[in-house]
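The structure under discussion appears below in the form of structure tokens.
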Amino acid sequence: MAQVPATPKPRRLLNRLAAATLGPRWTYEKLATQWSEEAALERRAHARPGPVQDPVVVFLTPLVGRHHVGSWCDVEARLADTVASWRRQGSTRWQALICGQDRPESIAFDEQVRFLPFTKPFEGNDKWAKLDQLCRALPDLGAVSGYAMPFDADDMLAPGAVDEMVRRKALGGYLVTRGWVMDAQSREVGLCAPQSPVAPGRKAFWKMCGSSAAFRFDFTRDRQDGEYLAAITSHEHRMFPYLAALAGRPLTTLEQEAVLYVVNHGENFGKRRGRVGFKTRYVKRFPVTDAGTLARIEAEFPMA
């Protein structure tokens, strides 16, 4: 399973307008839609989630296979940083599921952090096949209602992010618009945030990184939210806000710089796709230079 191409922006606008005015069934039957859009329209028509009660945040992490990397030890070390960032959360209302061919020996798996073996024969980049398996396994984790957040194995979550999500109880889920991107080689940090008149060209975090959306799920009625999540995560992350809105579950902006995105360490999924160079240039274009802010980032995201 490869990444599904994004729907062109004019078509996205048309689909959203049709769903809002003529209804999801008309949109599904009359307009050309992808599998992900059909799944979103089905949820809009039949399963808009009710009030959020006792939500759990579930992190869904595809882990690169040992056979695809140059240094498995480095992969394990970055994953350990990711897991540590989850364990530093003030709230314990979270779980994590990590899917890969090789079980990392350095990670202490337990009832909160679990491993899902990936055994399917696959040629090429298997990230989206793993995300598909993770989403479909979500109903069996025991979490009935909450937020599912695709989370890469080399990113880190800011302290307090889980607490904010479970406290605010957004009906549709959350979107990370502000965050940090770090060049692993230079250790320089850039700010990701919506552009402004004083910062033209700056990018919102969700346009840069896949660890940027937490989607609402609710299994009190059926298990179909797992299939819906598998459908929408088959795309690049720039499609996430559109598909959530199409499902009638618009994403609410998180208030904090919620994620640190580490690039240029040699083993990113993106590195193997040749899509890292512009991100290292972005760090230099929008660097964080304030000493107090850098000290806070270092304290919030300690790395091995």
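In segment 218-235, which residue that is touching a Ser or Thr at 6+ places or on another chain (Cβ under 7 Å), open to solvent by less than 10 Å² (accessible area, probe 1.4 Å) and of a type outside the set (S, T, N, Q) is farthest from PRO194 (Cα to Cα)?
Here the answer is ALA231.
State all residues of segment 185-209 that are open to solvent by less than 30 Å² (accessible area, probe 1.4 Å) and touching a strand residue (DSSP E or B) at 6+ places or on another chain (Cβ under 6 Å); if no residue qualifies, say none.
Of everything in segment 185-209, those that are open to solvent by less than 30 Å² (accessible area, probe 1.4 Å) and touching a strand residue (DSSP E or B) at 6+ places or on another chain (Cβ under 6 Å) turn out to be VAL189, GLY190, CYS192, PHE205, MET208, CYS209.
Can you find even one residue in segment 256-270 that is modelled with pLDDT of 95 or more and either among the charged types (D, E, K, R) or touching a helix residue (DSSP H, G or I) at 6+ places or on another chain (Cβ under 6 Å) (or both)?
The answer is yes, given that some residue of segment 256-270 is modelled with pLDDT of 95 or more and either among the charged types (D, E, K, R) or touching a helix residue (DSSP H, G or I) at 6+ places or on another chain (Cβ under 6 Å) (or both).
Return the pair list, or none, for Cβ contacts closer than 9 Å from residues in segment 66-84 that are more than 21 Å from PHE301 (Cβ to Cβ) and among the aliphatic types (A, V, I, L, M) to residues that are open to solvent by less than 20 Å² (accessible area, probe 1.4 Å) and not in a loop (DSSP other than H, G, I, E, B), at least 6 apart or on different chains.
VAL69/VAL75
Just to verify a result, which residue in segment 31-59, among those that are charged (D, E, K, R) and open to solvent by 30 Å² or more (accessible area, probe 1.4 Å), is modelled with the lowest pLDDT? Walk me through how you get there before you give the answer.
From segment 31-59, those charged (D, E, K, R) are 37-38, 42-44, 48, 54; that's our starting set.
Subsequent filtering for residues that are open to solvent by 30 Å² or more (accessible area, probe 1.4 Å) retains 38, 42, 44, 48, 54.
Working: GLU38: 96, GLU42: 95, ARG44: 95, ARG48: 76, ASP54: 92.
Looking at the filtered set, the residue picked out is ARG48.
Here is a yes/no grid of residues against (1) within 19 Å of LEU260 (Cβ to Cβ); (2) within 16 Å of the chain's Cα centre (by Cα); (3) touching a residue at least 40 places away in the same chain (Cβ under 8 Å):
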| position | (1), (2), (3) |
| --- | --- |
| VAL166 | no, no, yes |
| LEU171 | no, no, yes |
| MET182 | yes, no, yes |
| VAL189 | yes, no, yes |
| CYS192 | yes, yes, yes |
| PRO200 | no, no, no |
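Name the residue, out of ARG48, ARG25, that is free of Cβ contacts under 8 Å to residues at least 24 places away in the same chain and basic (Lys, Arg). Before you say what the answer is, go through the steps one by one.
Details: ARG48 fails: free of Cβ contacts under 8 Å to residues at least 24 places away in the same chain.
The conditions single out ARG25.
Of the numbered conditions (1) assigned to a strand (DSSP E or B); (2) surrounded by fewer than 17 Cβ atoms within 10 Å (Cβ to Cβ), ARG238 fails exactly one; give the number of that condition.
That leaves (1) as the condition not met.
Hey, can you tell me all the residues within segment 170-206 that are on the phi > 0 side of the Ramachandran plot and of a type outside the set (Gly, Ala, Ser)?
ARG187
Which pairs have Cβ atoms under 8 Å, sit 6 or more apart or on different chains, and link a residue in segment 1-17 that is open to solvent by 90 Å² or more (accessible area, probe 1.4 Å) to one that is not in a loop (DSSP other than H, G, I, E, B)?
Final answer for the pair search is ARG16/TYR242; ARG16/ALA245; ARG16/LEU246.
Of all residues in segment 275-304, which are under 23 Å from the mean Cα position of the chain (by Cα), among the aliphatic types (A, V, I, L, M) and not in a helix (DSSP H, G or I)?
Selection gives VAL276, MET303, ALA304.
Filter segment 88-104 down to residues that are in contact with a strand residue (DSSP E or B) (Cβ under 9 Å, 6 or more places away or on another chain) and free of Cβ contacts under 8 Å to residues at least 24 places away in the same chain, then give me how many there are.
1
The values are calculated or read from the model by the stated rules, or taken from the named source; none is laboratory data. Note that the structure is predicted; figures quoted are calculated from it, not measured. Cβ sites come from the backbone with ideal geometry, for glycine too, and all protein chains shown count toward neighbours. Quick note on the areas: whole protein, heavy atoms, side chains included, nothing else; ligands and nucleic acids left out. Shrake-Rupley method; radii C 1.70, N 1.55, O 1.52, S 1.80 Å.
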